[in-house]
1. Please enumerate, by chain and number, the lysines with C-alpha under 19 Å from the C-alpha of K121, excluding those fewer than 8 residues away in the same chain.
2. Going by the alpha-carbon gyration tensor, a ≥ b ≥ c the square roots of its eigenvalues, is segment 286-327 rounded (a/c under 1.5) or, if a/c is not under 1.5, prolate (a/b greater than b/c) versus oblate?
3. Given the -39500 (n - 2.57) contribution per DSSP H run of 4+ residues, what per-residue ellipticity at 222 nm results for the chain, rounded to the nearest 500 deg cm²/dmol?
4. Over all alpha-carbon pairs in the chain, figure out the percentage whose distance exceeds 42 Å.
5. Taking the solvent-accessible surface of protein heavy atoms with a 1.4 Å probe, what is the per residue accessible area of segment 442-497 in Å²?
6. Return the sequence-ordered ³J(HN,Hα) values of segment 526-534 in whole Hz as given by the Karplus equation 6.51 cos²θ - 1.76 cosθ + 1.60 applied to θ = phi - 60°, using x for Gly and Pro.
7. If we sort 80-90, 291-301 on the protection proxy, mean other Cβ atoms within 10 Å, highest first, what's the order?
8. So, counting K/R as plus one and D/E as minus one, what does the shell of residues with Cβ under 10 Å around P423 add up to?
Amino acid sequence: MKKILFTILAAATMLTAGAQNATFTYFNYKGNDTRFDKKIDPTSQYLNPILAGFYPDPSFCRVGNKFYLVNSSFAFFPGVPIFESDDLVNWQQIGHVLDRPSQLPLDGQGVSRGIFAPDIKYNPKNKTYYMITTSMRMGNFFVKTKDPHAGWSDPIRLPQIDGIDPSFFFDKDGQAYIVHNGPVDGGADYEGQRAIRIFRFDTKGDSIVGTYRQIVRGGTHVEARPIWIEGPHLYRIGKYYYLMCAEGGTGDWHSEVILRAPVKSDIMNPASWEECPNNPILTQRTGVDPNRPDIVTSTGHADLVQDKQGRWWAVFLGCRAYEGPFYNTGRDTYMLPVTWKDGWPEILEKGKALPTVVSKPGLQPKSTSVQLTGNFSYTDKFDTEELNMRWIFLRNPEMNRFKWGNGALVITPSDADISELKPLSALFCRQQHTTFAAETEVTFIPRSDKDVAGMALLQNEHYNFVLGKTMLNGRPAVTLVRAEKEKVLIGSAFLQGNGKLQLKIEGDGRYYSFFYREQGEWRTLAAGVDAVNLSTARSGGFIGACIGLYATAK
């Protein structure tokens with residue numbers, strides 16, 4: 001992967017003349033969750049989630065001794081983070097699959113549009129990696145590469161697919177297939193009813209062959225009128241093909257179900273498939289103590305892989321709720337070992353709570369430039385030419401507005417406000433903990449109350465916070481604006497001048513506090529502010545809260 005296209009663009013860019021720049025000299029983040037406050041042996045145990053924060057819809061594959069994992073990225077650029085591991089636990093981000101605007105047009109798209117549910121697979125017949133996904137703008141497409149470190153092709157579109165969540169399957173005999181979620185043939189019998197379709201795929205022509213067949217109508221236990229069967233994956237394991245799918249929607253009724261067909265059968269014939277009598281094979285929707293510690297909800301959208309020792313593992317998404325259905329950290333990536341009985345896999349026994357600490361001998365802990373789970377802290381001083389891969393942009397960025405290196409991030413503000421469907425003059429990282437603190441220092445000279453520079457907490461365009469320096473009644477001030485459909489000024493304070501301003505946010509579950517400092521002690525701007533507007537259950541959408549270094553000037 002080219003590390004990173006940002007470096008090249010930043011080195012070549014000149015800042016737009018005439019606008020007041022916002023200069024950020026550091027960003028500090030610290031996470032301190034009770035969930036992660038556990039002593040483990042990192043050579044034989046790991047923590048769930050394995051990727052904490054906004055890393056939903058995981059898919060992975062193994063090639064030789066290496067594992068590769070991807071996640072949904074929605075309207076953020078670059079898109080589809082890709083990770084590499086030797087042991088399935090210690091992951092290192094090697095880049096993004098979609099790191100060029102030609103691969104990922106995002107202009108005008110809402111935060112939860114963009115890229116949905118990527119699937120990564122390797123075809124040993126032609127020694128090629130494939131990543132297939134759904135774009136809310138381009139439809140369904142795939143990209144490919146011989147080396148995930150070297151970059152990926154431009155998109156190859158698949159207009160025949162009517163639906164979402166496509167996934168590749170490369171059989172041992174050289175045949176290739178795509179399965180996906182689609183409309184029900186003849187129309188749905190009830191709201192939320194969907195189907196799983198299958199196509200043949202020609203790897204030499206990079207194209208779909210023939211027409212689809214509908215192999216699942218509605219889902220499993222059809223008498224219960226199941227909804228939103230999606231996220232399908234096909235596998236060949238022993239004497240059977242397995243079709244594993246998410247079911248029940250991506251909220252707290254989420255689950256994972258599975259069907260199988262004999263290897264000698266026609267997998268494009270719906271009559272070949274039987275459903276597991278023990279479905280769902282993963283869920284937290286019923287049968288677990290609502291007062292259990294380390295609550296995880298909404299588990300599902302899983303993928304399977306076999307390790308070098310022959311053991312099977314599942315990755316899937318889940319949510320760390322702090323109260324009822326509310327969570328601000330988004331949908332994380334979790335992993336559990338898979339057990340087998342009577343030819344059927346099970347990811348988690350019914351009625352069992354998802355464990356935080358899991359045993360896995362032979363782990364190989366290593367340092368990484370992007371912290372992914374557990375309690376940790378980091379400080380980014382923007383003192384290198386290469387931007388850390390934790391930082392992402394919302395929509396396709398105007399790169400002439402950003403410059404970093406030499407101990408500063410300099411942003412030339414655009415006139416785009418956080419509530420608009422435009423490229424923002426902002427960089428974002430994920431809120432990865434329920435209890436966290438984030439801090440920065442900014443130098444900025446506002447000209448009016450329309451000019452703001454500081455920190456943003458983003459769930460979407462209409463559910464967010466902005467803590468920043470601006471003008472208030474003709475004087476420099478720091479303000480906090482909370483948006484939950486409507487914008488409300490929560491706190492404000494006049495500043496002594498236009499020097500450096502430090503800003504800090506401390507979050508603890510549902511409630512956040514906001515601070516500022518010009519010199520001397522920190523001052524509280526607003527304490528115990530309700531941040532439930534950053535939760536998916538309140539705002540809708542699919543991302544987790546993101547922390548931004550943000551500037552705008554009208």
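The values are calculated or read from the model by the stated rules, or taken from the named source; none is laboratory data. If you're wondering where the values come from, they're calculated on a predicted model, not measured in any experiment. Every residue, glycine among them, receives a Cβ derived from its backbone with ideal geometry; neighbour counts consider all protein chains shown. Please note that ligands, DNA and RNA were not included when accessible areas were found on the heavy atoms of the full protein model with its side chains. Shrake-Rupley method; radii C 1.70, N 1.55, O 1.52, S 1.80 Å.
1. Correct list for K121: K66, K144, K146, K172, K204, K308.
2. Here segment 286-327 falls in the prolate category.
3. Details: 2 runs with 12 residues, N = 554.
Helix contribution divided over all residues of the chain: -500 deg cm²/dmol.
4. Numbers: 30591 of 153181 pairs.
The proportion of pairs with Cα distances above 42 Å equals 20 percent.
5. On the way: 2320 Å² over 56 residues.
Each residue of segment 442-497 exposes 41 Å² on average to a 1.4 Å probe.
6. In residue order, the calculated couplings are 7, 10, x, 7, 5, 10, 5, 5, 8 Hz.
7. Those peptides, ordered most packed to least, come out 80-90, 291-301.
8. 0
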